[in-house]
Amino acid sequence: MKYPRDFFAPFFALFVCDNFAGHRESKRAGSRTAGCGLAVLCGLLALAAGVPLNAFGQAQSTISCPAGRGDWDVLSVMMMDPGLASSYHMEGLTRGLPSSYVYTLWDESQSKVYYVKNPHGNPWDINLYDSNFIYQWVTELDSWKGVNHWNDPRSCRKFNNGSENHAADLSMRWAPRCATPGGSNSAFWNPPPSALPVNTNYYTYVGQEQQSSAQNLNYSLMELKAPGTLGITDHRAFPPKPFSVTTLPLQYTYSCTASGNVNSCKFREIFEYGVDTDVNPVDRVKHTYGWIRWRYYINSTGGNRDRAPVWVLNNTSTSDQLMAGQVSLNFQCF
């Protein structure tokens, strides 16, 4: 998750990822080709042995939502289904080279979902969840006092309401566990720090040490928007198979000076999570793919309360290629 200059220096995902990919070009290109061939070979061997491909993964329910309301199991869609995620990840390609990565790691025992941004195992974001909400907990640190910490597993920012009790980390609500996208139960505001356990309070860590007193994002508005579609490509097939998936967009609008007034907001990010509309055409199973696209907008009015916002796209990152390969987590921030 990326934040404005008001809070810390902005992160330009594609620029960083393109440079990172170029730095690892020769090594990464070879490993991806080998991984794709292995995936195809495994699929052929499984079919020859009479083992259905769907034995390797399928969409998994994480909660029982109320019937008759059209609610989605939001956590399920926000992560790649565990059977698929154990051996695969989403990747972006620019001019045939890796430009972004999203590896999904689900630690069910600790109610955590890790979104890992590179083959070194460094998290982009870490989300927590309980029976009611999914919470943003940890997000990457890019620049701090002129030093880039994008690949530093010992540096990050952590949402925490400051209460120092056992639920202090469950403070930055990200999405309901059950909700109808675009429905009345799909949106809410998070306030800045107050006596309430829910707020936008966060702490910065560099080299495992807390660097400053708490900061906050002012008010933030979280909205699960109506579903859309996006094309992805499955590299388990040969040749790779393109098809469309349904997307669940989470619209995150923040740095707002007034609750309930979107005019007062300065920044917006849209996270899109993918799920098979019907079934995957390669293995005929319904999968969830997790986080596949991110977009970052700036309100050109600067958050003027008396003017309608004008959202200008500033950056985007798309990971729309299902690729073989998983990583080990490397997170040492605190």
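The values are calculated or read from the model by the stated rules, or taken from the named source; none is laboratory data. Quantities reported herein were computed from a predicted structural model and do not represent experimental measurements. Positions of Cβ are generated from backbone atoms using ideal geometry, with glycine treated the same way; all protein chains shown enter the neighbour counts. Calculation scope for accessible area: heavy atoms of the full protein, side chains included, ligands and nucleic acids excluded. Shrake-Rupley method; radii C 1.70, N 1.55, O 1.52, S 1.80 Å.
Scanning the range 44-89 for residues that are part of a loop (DSSP other than H, G, I, E, B) and charged (D, E, K, R), which turns out modelled with the lowest pLDDT? That would be 69. Restricting attention to the range 188-215, the residues being open to solvent by less than 50 Å² (accessible area, probe 1.4 Å) and without any contact (Cβ under 8 Å) to a residue 40 or more places away in the chain number 6. Residues that are open to solvent by less than 10 Å² (accessible area, probe 1.4 Å) and within 25 Å of residue 199 (Cβ to Cβ) number at least 1 in the following strands (runs of 3 or more DSSP E) confined to the range 227-304: 241-256, 265-275, 288-299. Anything in the range 151-185 that is open to solvent by less than 30 Å² (accessible area, probe 1.4 Å) and touching a helix residue (DSSP H, G or I) at 6+ places or on another chain (Cβ under 9 Å)? List them, or say none. Listed by number, the residues that qualify are 174, 175, 176, 177, 178, 179, 181.
A single entry from 141, 93 fulfils the requirement of being of a type in the set (A, V, I, L, M) and surrounded by fewer than 20 Cβ atoms within 10 Å (Cβ to Cβ): 93.
A quick yes/no check of all residues on (1) β-branched (Val, Ile, Thr); (2) under 20 Å from residue 258 (Cα atoms); (3) more than 24 Å from the chain's Cα centre (by Cα):
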position	(1), (2), (3)
162	no, no, yes
181	no, no, no
184	no, no, no
190	no, yes, no
202	no, yes, no
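Pairs under 7 Å by beta carbon, first residue under 19 Å from residue 244 (Cα atoms) in the range 304-331, partner charged (D, E, K, R) and assigned to a strand (DSSP E or B), six or more apart or different chains? Qualifying pairs under 7 Å: 318/293; 319/91; 321/91; 322/234; 323/91.
Screening residue 92 with (1) of a type in the set (Gly, Ala, Ser); (2) at pLDDT 95 or above; (3) assigned to a loop (DSSP other than H, G, I, E, B) gives one miss only, at (3).
Residue by residue, here is whether (1) of a type outside the set (Asp, Glu); (2) over 23 Å from residue 118 (Cβ atoms); (3) outside any strand (DSSP E or B); (4) modelled with pLDDT of 95 or more holds:
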site	(1), (2), (3), (4)
150	yes, no, yes, no
154	yes, no, yes, yes
162	yes, yes, yes, no
165	yes, yes, yes, no
170	yes, yes, yes, yes
213	yes, yes, yes, no
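If the condition is being exposed (fewer than 13 other Cβ atoms within 10 Å of the Cβ) and outside any loop (DSSP other than H, G, I, E, B), then the range 305-315 contributes 312, 313.
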